[in-house]
């Protein structure tokens, strides 16, 4: 499988699709102002990201493109105030997701779905502080979100809900990938993606 190098046009597409994906992520992320929605964020992000990511993979089917997009989004999240754990968890996840999708040269549907699903688990890294440093993290949120919000989040979040958050992220991503394929049928046909 000969991998092509990224060119200037690819880099422009990476920039455009990163902006589009970030808007989708940010829109879904806004629902996190309701405490219970924080637990559903990986599901929502996987769902709404399906269309831009699937289109992106038909436009730039080269290893590294999806990784660059994911790392840019993660760096934006970090600079917007998320703890370093989002980078420590997210960067290996987006690289691995890209690698999985590349195994079929971005032409095999089941590998695209698997790669996108793994890629889309990066938001779980944003929840690491709730798992490993809950008290400190909730205190840091209190100034911006208020005591009522942090108390509600404290009551909702425990180690027991983590598997459900992960399962939700996986289901949302699979649904998002199929939604993307349904909306972008002609692009998939043109790209010769085996379904």
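Bear in mind these aren't lab numbers, they're just calculated from the coordinates by the rules spelled out. Remember, predicted model here, so these are calculated numbers, not experimental data. Cβ coordinates were reconstructed from backbone atoms using ideal geometry, including for glycine residues, and neighbour counts include every protein chain displayed.
A few comments on the model shown:
- For the chain, the 222 nm mean residue ellipticity estimated from helices alone, with every DSSP H stretch of n ≥ 4 adding -39500 (n - 2.57) and the total spread over all residues, rounds to -23500 deg cm²/dmol.
- Top of 176, 115, 64 by mean-square fluctuation, Gaussian network on the chain, Cα under 10 Å: 64
- Rg to Rh quotient for the stretch 32-79, alpha carbon positions, Kirkwood Rh: 1.06
- Using alpha-carbon coordinates, inclination of helix 134-145 to the longest axis of the chain, degrees: 90
- Cut-off 16 Å (backbone N to label point 7 Å along Cα→Cβ of residue 136), residues of the stretch 70-90: 82-88
- Ranked 162, 60, criterion: other C-beta atoms within 10 Å, fewest first: 162, 60
- Pairwise Cα distances in the stretch 110-195 exceed 17 Å in 60 percent of cases.
- With neighbour counts taken as other beta-carbon atoms within 10 Å, the residues 73, 166, 94, 8 rank, fewest first, as 8, 166, 73, 94.
- Cα-Cα P(r), the chain, percent of pairs per 10 Å interval: 9, 37, 33, 15, 6, 0
- By the beta-carbon count within 10 Å of each Cβ, the least crowded to most crowded order of 84, 109, fewest first, is 84, 109.
- Between the helical axis of 8-29 and the longest alpha-carbon principal axis of the chain there is an angle of about 30 degrees.
- Working from Cα pairs under 8 Å separated by at least six residues, relative contact order for the chain is 31 percent.
- Nearest 10 degrees, 0 to 90: helix 41-59 Cα axis against the chain principal axis: 20
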